[in-house]
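K.L.:
Below you'll find the structure I mean.
The values are calculated or read from the model by the stated rules, or taken from the named source; none is laboratory data. Owing to the predicted nature of the structure, the values given are computational and were not obtained by experimental measurement. Ideal geometry is used to build each Cβ from the backbone, glycine not excepted, and the neighbour counts take in all protein chains shown.
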Amino acid sequence: MIDRVVDVKAVSADLGGRRILHEVDLQVTTGEVVTLLGANGSGKSTLVRGVVGLVPLSGGTVELFGTPLPRFREWGRIGYVPQRVTAASGVPATVREVVAAGRLSGRGVLARFGAADRTAVDDALDVVGLRPLGRTGVAKLSGGQQQRVLIARALAGRPDLLILDEPMSGVDADSQLAIAAALEQMVAGGTSVLLVLHELGQLAALIDRSVVLGDGRVTYTGSEPPAPGDHRDADHDFLPPPAGGFGLSSSPFGVRQ
């Protein structure tokens, strides 16, 4: 029996009075790397946000590790890096402090930070090649380096499933290489990965299966890359959350910026 890490069945979603997803099916199995491709407005980001409980579903079901999404609570098993989010904030923080936050998610403000946590943070920083910058303020980093910090934060939790929304978007060449190397190492360790990408690029060798969305529907799925031009667009699918978030308390990702 194949273990399904993500099992999306006939999912529909409406945002702003408009139907964004139309009865979409998507599966990710243990150790598999699946990419979502599609032009601007195709629904890629909406789908992954629905998977982690940030977008309310109008129909269909989502299961994570065999548990229906409304009952799922093991968020520590999932690392999620949303699209177009900066690691910098109004509160000064070092690279190491931001990555360390990935160990504390869901554990409460009084959780103790022990030796195992420090090791996990070190390992995550090593994977993305930023350990020498651990004491550097994230606001001083380039956009590509900040993206690597966010990926390291997700990796610090040592997730079984890693979800990345456009990790290569607006990222410099050196950071793209570092991200590709980090993902390769995670996949080698058995982590399942769901990627939203504009194009396969440097990650092509890692992809087990591609799923293309068009107008909120699955238009292609297969182990071979789709033909060039079938999914490319000058823009990206990006739908910011409404003020105050979606109010879906079962997911921790609504407040993880």
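To keep it simple, each residue is scored yes or no on (1) hydrophobic (A, V, I, L, M, F, W, C); (2) at pLDDT below 70; (3) closer than 18 Å to Val5 by Cβ.
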{"position": "Ala156", "(1), (2), (3)": "yes, no, no"}
{"position": "Leu164", "(1), (2), (3)": "yes, no, yes"}
{"position": "Ser169", "(1), (2), (3)": "no, no, no"}
{"position": "Leu177", "(1), (2), (3)": "yes, no, no"}
{"position": "Val187", "(1), (2), (3)": "yes, no, yes"}
{"position": "Arg232", "(1), (2), (3)": "no, yes, no"}
{"position": "His236", "(1), (2), (3)": "no, yes, no"}
{"position": "Gly244", "(1), (2), (3)": "no, yes, no"}
{"position": "Ser249", "(1), (2), (3)": "no, yes, no"}
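K.L.:
Would you tally the residues in region 25-50 being under 14 Å from Ser12 (Cβ atoms) and of a type in the set (A, V, I, L, M, F, W, C)?
P.N.:
Residues meeting the conditions: 2.
K.L.:
Given the condition aliphatic (A, V, I, L, M) and more than 16 Å from the chain's Cα centre (by Cα), answer yes or no: does some residue in region 190-201 qualify? Working first, answer last.
P.N.:
Going residue by residue through region 190-201, those that are aliphatic (A, V, I, L, M) are 193-197, 200.
Then keep just the ones that are more than 16 Å from the chain's Cα centre (by Cα); that gives none.
The answer is no, given that none of the residues of region 190-201 is aliphatic (A, V, I, L, M) and more than 16 Å from the chain's Cα centre (by Cα).
K.L.:
Can you name every residue in region 3-25 that is among the hydrophobic types (A, V, I, L, M, F, W, C) and touching an Asp or Glu at 6+ places or on another chain (Cβ under 8 Å)?
P.N.:
Going through region 3-25, the residues among the hydrophobic types (A, V, I, L, M, F, W, C) turn out to be 5-6, 8, 10-11, 13, 15, 20-21, 24.
Passing the criteria: Val5, Val6, Val8, Ala10, Val11, Ile20.
K.L.:
With Leu133, Leu110, Leu104 as the choices, which residue is at pLDDT below 90, over 21 Å from the mean Cα position of the chain (by Cα) and hydrophobic (A, V, I, L, M, F, W, C)? Can you show your working first?
P.N.:
Values: Leu133 fails: at pLDDT below 90; Leu104 fails: over 21 Å from the mean Cα position of the chain (by Cα).
After applying the criteria, what remains is Leu110.
K.L.:
Within region 117-141, which residues are outside any loop (DSSP other than H, G, I, E, B) and among the aliphatic types (A, V, I, L, M)? Break it down stepwise before answering.
P.N.:
Start the filter on region 117-141 by keeping residues that are outside any loop (DSSP other than H, G, I, E, B), which leaves 117-128, 131-133, 137-140.
Selection gives Ala120, Val121, Ala124, Leu125, Val127, Val128, Leu133, Val138, Ala139.
K.L.:
Among the residues that make up region 154-172, is at least one of them exposed (fewer than 14 other Cβ atoms within 10 Å of the Cβ), out of contact with any Ser or Thr (no Cβ under 8 Å at 6 or more places or on another chain) and not small (Gly, Ala, Ser)?
P.N.:
Checking region 154-172: not a single residue is exposed (fewer than 14 other Cβ atoms within 10 Å of the Cβ), out of contact with any Ser or Thr (no Cβ under 8 Å at 6 or more places or on another chain) and not small (Gly, Ala, Ser).
K.L.:
Provide a single number: the residues in region 15-31 that are surrounded by 16 or more Cβ atoms within 10 Å (Cβ to Cβ) and at pLDDT below 95.
P.N.:
In the first step, residues of region 15-31 are kept if they are surrounded by 16 or more Cβ atoms within 10 Å (Cβ to Cβ); the result is 15, 20-22, 24, 26-28, 31.
Still in the list and also at pLDDT below 95: 15, 31.
Result for region 15-31: 2.
K.L.:
When Leu64 is evaluated against the numbered criteria (1) modelled with pLDDT under 95; (2) in contact with a Phe, Trp or Tyr (Cβ under 6 Å, 6 or more places away or on another chain), which criterion, by number, is the only one it fails?
P.N.:
Checking Leu64 against (1) modelled with pLDDT under 95; (2) in contact with a Phe, Trp or Tyr (Cβ under 6 Å, 6 or more places away or on another chain), the one that fails is (1).
K.L.:
Follow-up question, since we're still on this one. Residue pairs, Cβ under 7 Å, 6 or more apart or interchain, first in region 99-116 and surrounded by 15 or more Cβ atoms within 10 Å (Cβ to Cβ), second modelled with pLDDT under 65 and not hydrophobic (A, V, I, L, M, F, W, C). List them.
P.N.:
Hits for this filter: Ser105/Arg256.
K.L.:
Here is a follow-up. Test Gly79 against the stated conditions and say whether it is assigned to a helix (DSSP H, G or I) and closer than 20 Å to Asp160 by Cα.
P.N.:
On the way: assigned to a helix (DSSP H, G or I): no; closer than 20 Å to Asp160 by Cα: yes.
So Gly79 fails the test.
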